[in-house]
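A.B. asks: This is the structure I have questions about; it appears just below.
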Amino acid sequence: MIAAFVAGTVVALNAVAHQFQAGAAAAALPGSTASPSASVPASSTPSVPPSPSASAVPAAPPAPPVPPAFDKTAHSIDDPNSIWVVVNKQRPVADGANFVPPNLVDLPSDMPDPLGYMLRSDAADALHSMFAADKAEVGTQLIAQSGYRDYGVQVRAYQHYKDALGVAGADKTSARPGFSEHQTGLAMDIMDTSSGCDLETPCFGSAPSGVWLAANAYRFGFILRYPADKTAVTGYEYEPWHFRFVGVALATEMHNTGVETLEEFFGLPAAPDYAG
Ligand SMILES: [Zn+2]
């Protein structure tokens, strides 16, 4: 009886926590794609101080405007409600056992989504545009293969691999519960209908759609999260199908500066493996 009562109480408290978190998250994130031009740093002071003799000298032409530096603090990298959250083997989803992303939606019906995965609405809208652009520019049809996965799904998936392969084998195959970027609702594994590739080999990376996505995903606010040469940084083998929504501002800045991973862009430690 006591155990049943306690269990029931915990379930009820978890349900309350869920509601609170979802409500707070929705309130805290009115819009997610911040424009870098909206935040001009206060430090952009005039470079030439006024001189007492300046009045005797013809006025110099005004200096060309200096573009504002990209504000790396515009969104949190710790809050899992943030589109910039960085999740890796050293940075689990905060309160992962209870976290549910805000504004999860089904994908539009014109996007092949055989397993019915959801995404956050801002990521879903961007993915919809990206699928349409791929069709127009490459002529292929993309497939949404795997999107939001909740904590419970990850518990079962990891346990399945752990039973079959042991911890080392499971860690190569599946993220531990609470450590999957898919739990943020901002990641999608993408395939196409024509290449014959799958989620097991690098094949998609050299298929027309895979090549196009790697080069163009930033236009829609996505990054290729696990590049081929960044395993030591990300902790994951090359995954040419795994795209992460971070918003157009950050994806474009990373593209323009040639920085491929969130860890490097935000100056975070490499995360080749779990802490323990
Ligand atoms: Zn993935």
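The values are calculated or read from the model by the stated rules, or taken from the named source; none is laboratory data. What you see is a predicted model; the values in this text were computed from it and never measured. Cβ sites come from the backbone with ideal geometry, for glycine too, and all protein chains shown count toward neighbours.
A.B. asks: Name every residue in the stretch 95-133 that is touching a residue at least 40 places away in the same chain (Cβ under 8 Å), farther than 15 Å from GLN183 by Cα and surrounded by fewer than 18 Cβ atoms within 10 Å (Cβ to Cβ), in order of residue number.
C.D. replies: Result: PRO112, SER129, ALA133.
A.B. asks: How many residues are out of contact with any His (no Cβ under 9 Å at 6 or more places or on another chain) and either within 16 Å of the ligand (Cβ to nearest atom) or closer than 12 Å to GLY185 by Cα (or both) if we restrict to the stretch 151-164? Full working, then the answer.
C.D. replies: Going through the stretch 151-164, the residues out of contact with any His (no Cβ under 9 Å at 6 or more places or on another chain) turn out to be 151-152, 155-164.
Retained after the next criterion (residues that are either within 16 Å of the ligand (Cβ to nearest atom) or closer than 12 Å to GLY185 by Cα (or both)): 151, 157-158, 161.
The number of residues fulfilling the criteria is 4.
A.B. asks: Collect the residues in the stretch 133-154 that are at pLDDT 95 or above and assigned to a helix (DSSP H, G or I), keeping them in residue-number order.
C.D. replies: ALA133, ASP134, LYS135, ALA136, GLU137, TYR151, GLY152 - these are the residues of the stretch 133-154 that are at pLDDT 95 or above and assigned to a helix (DSSP H, G or I).
A.B. asks: I'm trying to understand the selection: among the residues of the stretch 45-87, which are modelled with pLDDT under 85 and closer than 22 Å to PHE265 by Cα? It would help to see each step written out before you state the result.
C.D. replies: Pass one, the stretch 45-87, residues modelled with pLDDT under 85: 45-68.
Scanning the stretch 45-87 gives VAL66, PRO67, PRO68.
A.B. asks: OK, next. For the structure I just gave you, tell me whether LEU142 is away from the ligand (no atom under 13 Å from the Cβ), within 17 Å of ASP106 (Cβ to Cβ) and surrounded by 18 or more Cβ atoms within 10 Å (Cβ to Cβ). Before you say what the answer is, go through the steps one by one.
C.D. replies: Values: away from the ligand (no atom under 13 Å from the Cβ): yes; within 17 Å of ASP106 (Cβ to Cβ): yes; surrounded by 18 or more Cβ atoms within 10 Å (Cβ to Cβ): yes.
The answer is yes for LEU142.
A.B. asks: While we're here: Would you check which residues across the stretch 176-204 are closer than 21 Å to ASP150 by Cα and away from the ligand (no atom under 13 Å from the Cβ) and list them?
C.D. replies: ARG176, PRO177, GLY178
A.B. asks: Would you please list the contacts, defined by Cβ atoms under 9 Å and residues six or more apart or on different chains, that run from a residue in the stretch 258-276 that is within 18 Å of ALA217 (Cα to Cα) to a residue that is modelled with pLDDT under 95 and outside any loop (DSSP other than H, G, I, E, B)?
C.D. replies: none
A.B. asks: So how many residues does the stretch 210-234 have that are in contact (Cβ under 8 Å) with a residue 60 or more places away in the chain, within 16 Å of the ligand (Cβ to nearest atom) and either in contact with an Asp or Glu (Cβ under 6 Å, 6 or more places away or on another chain) or over 28 Å from ALA168 (Cβ atoms) (or both)?
C.D. replies: Residues of the stretch 210-234 in contact (Cβ under 8 Å) with a residue 60 or more places away in the chain: 212-213, 216-217, 219-222, 234.
From the residues that got through so far, the ones that are within 16 Å of the ligand (Cβ to nearest atom) too are 213, 217, 222, 234.
Among the residues that remain, those that are also either in contact with an Asp or Glu (Cβ under 6 Å, 6 or more places away or on another chain) or over 28 Å from ALA168 (Cβ atoms) (or both) are: 213, 217, 222.
Count: 3.
A.B. asks: Within the stretch 237-252, track down each residue that is over 13 Å from CYS203 (Cβ atoms) and within 16 Å of the ligand (Cβ to nearest atom).
C.D. replies: Answer for the stretch 237-252, where residues must be over 13 Å from CYS203 (Cβ atoms) and within 16 Å of the ligand (Cβ to nearest atom): GLU237, HIS242, PHE243, ARG244, PHE245, VAL246.
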